[in-house]
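Accompanying notes for the structure given below.
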Amino acid sequence: MKIIVLVKEVPDTYGERKLDLETGLADRAASEPVLDEIGERALEVALAHADAHADTEVVVMSMAPESAATTIRKGLAMGAGSAVHIADPGLAAADLGLTARTLAAAIRRTGFDLVITGNLSTDGSGGVIPAMLAELLEVPNATALTSVEITDGSVSGTRDVDGGTMRVSAPLPAVVSITEALPDARFPNFKGIMAAKKKPFETVSAADLGIEPEDLSAAWSIMTAIAEKPPRTAGTKITDEGDGGTRIAEFLIENRLV
Amino acid sequence: MTDHPAAPILVLLEATPDGELATSAAGLVAAASGIGAPVALVVAAPGRAQSLAEQAAALGAERVLAAETTSAQSELTVPHVDALAAAAKLIAPEAVLVSNSIDGRDIAGRFAARTGAPIAVDAVGVSRDDEGVLAHHSVHGGAYNVVSAATFGPLVVTVRQGAIDARAEARPVATESLEVPASGAASATIESVEPVTETSSRPELRGAKRVVSGGRGLGSAEKFALVEELADALGAAVGASRAAVDAGYIQANHQVGQTGVSVSPQLYVALGISGAIQHKAGMQTAKNIVAVNKDPDAPIFEVADFGVVGDVFAVVPQLISALAERKR
Ligand SMILES: Cc1cc2nc3c(=O)[nH]c(=O)nc-3n(C[C@H](O)[C@H](O)[C@H](O)COP(=O)(O)OP(=O)(O)OC[C@H]3O[C@@H](n4cnc5c(N)ncnc54)[C@H](O)[C@@H]3O)c2cc1C
């Protein structure tokens with residue numbers, strides 16, 4: 001079984017995240033880049049399956065600037081067998097449509113039984129890529145899974161939707177996304193880090209995938225304006241001297257909040 | 001503004017497992033009526049669409065397209081996408097609005113990929129200018145406001161749940177049944193749906209006017225009841241930090257933050273929450289923030305309008321009695 005896990009380099013959410021006010025793109029210099037935690041959890045699902053099923057091949061794939069190679073390599077150190085890095089300056093400003101078309105082309109080229117992604121990235125928070133990929137790849141989507149069972153021919157799981165919990169299943173090939181209800185990922189160990197250096201790491205361009213990034217015959221979603229909001233400032237802070245609760249009640253009453 | 005008052009805006013209205021319109025519906029129809037003529041699409045089991053159509057008209061839909069199918073109960077995403085594609089073909093909308101719910105995102109994503117339409121996600125509002133429809137986004141926990149648009153053609157927009165306060169006026173019911181050719185696209189099978197058993201009279205977290213959230217500082221699931229007690233005293237929804245969810249104090253759908261729900265209430269009360277940046281990302285656009293934390297250096301105080309350095313188990317019971325006192 002061949003599992004492709006989509007991972008993403010994102011600005012560390014523990015830091016202040018900035019957008020470039022000219023381009024609206026992430027200001028990559030403003031914060032430490034890390035592998036998105038949800039992508040690590042997706043990789044953990046694949047690696048756990050591989051631990052129990054020796055014939056599993058796990059590929060990490062990412063569309064990201066060239067500088068993200070080190071971050072993607074962490075996926076290899078954690079245990080993935082190979083990596084595909086789609087790096088192309090022409091894709092820097094890709095909208096969701098172009099991103100999905102490019103990833104779908106790369107996934108087709110690599111070949112897959114199952115694609116696993118996170119449900120939402122911590123920077124874009126789009127959450128639509130898994131379903132877009134399923135449509136383009138002509139396979140089923142099962143998203144936002146809070147548990148996953150993989151067999152030779154199918155994938156199934158539970159998803160928490162508004163108003164209920166749903167059990168779903170799909171024949172392979174398929175695209176699934178997982179939520180942070182799934183376990184934390186393993187840490188890469190020294191052996192893994194050393195082994196990663198010898199694992200296949202393929203870098204491909206848009207042209208390699210038959211993608212024309214500046215295709216103006218396609219409709220695009222573009223940013224037309226961006227503004228930074230002034231940060232919130234702290235108000236009153238008191239230390240409880242036996243009247244803390246009463247003081248909050250007074251604050252609420254004064255501000256007509258009760 | 002009123003250049004194209006009648007441009008059709010297609011709105012997909014989701015239904016709950018028990019056959020009512022989802023709570024997102026009112027905001028979606030109102031958003032659409034602000035930029036054009038709202039045409040609602042409802043997808044329901046045979047015989048069930050008329051009641052949804054009536055609800056949609058009551059929310060302000062000018063026209064309701066009703067697709068009746070048995071497949072929406074058994075197949076994930078694809079039947080809705082097929083219906084949306086048929087509706088879009090029929091009315092040639094200027095924009096397609098879908099809730100940014102888990103199912104809504106999937107439907108919007110597949111629809112956009114199928115039709116090649118650009119997609120704008122997690123919008124907190126829509127508007128229009130001379131050139132067409134604009135989607136407004138609140139990015140990185142509200143630190144940035146971003147506006148996006150399509151270069152041409154219809155824009156697919158997923159709208160954040162609870163973000164639209166506006167409501168449209170009710171209209172007479174005008175239902176048309178929609179013929180939906182099946183695309184035959186592969187889909188996952190829905191094996192079962194269990195409605196949530198949470199029988200709560202509390203307000204829903206998304207879109208709530210007041211939210212009381214608890215963190216790891218509450219210490220246990222039993223003691224988390226204090227958060228619920230204050231919420232009830234304030235008529236507020238209950239929220240939580242990820243640490244509280246991970247510790248099993250409360251279900252994951254109450255998580256506020258980066259990877260949970262984003263709220264923008266009149267009042268947000270944070271109890272025993274440190275104020276990690278990922279938590280703040282989901283609540284710092286609240287109008288008023290009150291925090292109780294025993295650590296004077298907790299980052300939550302940096303965004304609190306009123307902060308009390310103290311023990312939640314001393315401060316909160318006193319607050320609850322003060323509120324009860326006032327009611328009498
Ligand atoms: C990718 C990613 C996404 C994340 N997404 C989210 C998210 O969506 N939402 C979220 O909340 N977190 C999220 N987190 C986690 C986040 O970093 C924090 O770990 C989490 O918010 C901490 O929760 P907490 O404040 O309850 O716990 P802690 O940080 O442990 O804080 C507990 C606080 O309680 C106080 N306290 C203890 N006892 C008492 C008492 N008796 N009275 C008063 N105060 C007391 C302590 O002083 C402390 O400040 C995310 C992290 C990552 C990496």
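FYI, it's all coordinate maths here, none of it is from the lab. Source: prediction; values computed, not measured. For neighbour counting, all protein chains shown are included, and Cβ atoms are generated from backbone atoms with ideal geometry for every residue, glycine included.
Structure values in brief
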item	result
Lys/Arg +1, Asp/Glu -1 at C-beta; the protein assembly as shown dipole; positive extreme among A:Pro200, B:Leu323, A:Gly75	B:Leu323
Computed lengthening from B:Thr70 to B:Ala166, 0.36 nm per intervening residue step minus Cα-Cα distance	31.2 nm
Dipole magnitude (debye, nearest 20) for the range B:8-177, charges at Cβ of Lys, Arg, Asp, Glu	140 debye
Set of aspartates and glutamates with alpha-carbon distance to A:Lys229 below 17 Å, sequence-local pairs under 8 removed	A:Glu16, A:Asp20, A:Glu22, A:Asp27, B:Glu302
Charged-residue dipole, Cβ positions (Lys, Arg, Asp, Glu), the range B:137-257 about Cα centre, Debye nearest 20	500 debye
For the range B:8-177, average projected area of the Cα convex hull in nm²	9.1 nm²
Residue among B:Lys280, B:Lys89, B:Lys294 with the largest mean-square fluctuation in a Gaussian network model of chain B, springs linking Cα atoms under 10 Å	B:Lys89
Of B:Lys209/B:Lys280; A:Lys237/B:Lys287; A:Lys8/A:Lys74; A:Lys74/B:Lys280; A:Lys8/A:Lys191, pairs whose Cα-Cα distance is over 19 Å	A:Lys74/B:Lys280; A:Lys8/A:Lys191
Chain B - mean residue ellipticity at 222 nm from DSSP helices (-39,500 (n - 2.57) per run, n ≥ 4, rounded to 500)	-7500 deg cm²/dmol
Under the Debye formula (equal points on every Cα, no solvent term), log10 I(q)/I(0) of the range B:210-327 at q = 0.17, 0.18, 0.20, 0.22 Å⁻¹	-0.72, -0.82, -1.04, -1.28
Rounded to whole Å, sorted largest first: equivalent-ellipsoid semi-axes of chain A, Cα gyration tensor	36, 24, 20
Kirkwood hydrodynamic radius (C-alpha pairs) into Stokes-Einstein, the range B:18-75, 10 °C and 1.306 mPa s, D in µm²/s	137 µm²/s
Selected from B:Val126, B:Val196, B:Val290 as most flexible by GNM, with chain B as the system and alpha-carbon contacts under 10 Å	B:Val196
Three principal axis lengths of the protein assembly as shown [C-alpha, angstrom, descending]	68, 68, 47
37 °C / 0.692 mPa s Stokes-Einstein diffusion coefficient of chain B, Kirkwood radius on C-alpha pairs, µm²/s	156 µm²/s
Peptide A:171-182, shielding by other chains (average Cβ, 10 Å cutoff)	2
